[in-house]
Amino acid sequence: MNIKKTFQGSERAVSPVIGVILMVAITVILAAVIGTFVLGLGDQIGEAQPTAQLSLESQDLDSNQVTIVHNGGDELNGDDLSVTVNGTVSTDAGIDGTFSVGEEKTLSDSSANSAISDGATIRIIHDPSGSTLFDQTVES
């Protein structure tokens, strides 16, 4: 038996197999990278949630009003915020303009389904990110 010929034949087969495996791996990686750019998967990331510390300062339940104070964090744009009372989007209790640190906003709503009263849950939602910035139940 000629040992030299036996090993010489098997060493030749190793190089093409490794080459084919590397070419397949590179093709798969390139296809994945090109696919993410073409399909635009990176564009699906939503807007970041602003950070804001809001608190319920005072309440006048006879007038269906509560005062919300911005204690710290990012300045909020009122156009990006929705106010819900008891799960119903309030049409007339919105926050107008900007809402900066140290400012107070008075929310009032007297509609039948979402009147601000004892036990009402008030939520302020940042619409672009879909995150809840404030969630509190009114207690007298």
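The values are calculated or read from the model by the stated rules, or taken from the named source; none is laboratory data. Fair warning: this is a prediction, and the values are worked out from it, not measured in the lab. With ideal geometry, Cβ positions are generated from the backbone for all residues, glycine too; neighbour counts draw on all protein chains shown.
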Kindly provide the set of residues from segment 109-130 that are of a type in the set (Val, Ile, Thr) and either under 15 Å from Ser58 (Cα atoms) or modelled with pLDDT under 80 (or both), ordered by number.
-> Ile116, Thr121, Ile122
Scan Ile29, Ile21, Ile68 and give me the residue that is closer than 13 Å to Leu133 by Cβ, among the hydrophobic types (A, V, I, L, M, F, W, C) and modelled with pLDDT of 75 or more.
-> Ile68
Out of (1) surrounded by fewer than 14 Cβ atoms within 10 Å (Cβ to Cβ); (2) at pLDDT 80 or above; (3) not in a helix (DSSP H, G or I), the odd one out for Thr106 is which?
-> (1)
Cross-chain or 6+ apart pairs with Cβ under 8 Å, segment 127-140 first and on the phi > 0 side of the Ramachandran plot, then not hydroxyl-bearing (Ser, Thr, Tyr) | Gly130/Gly46
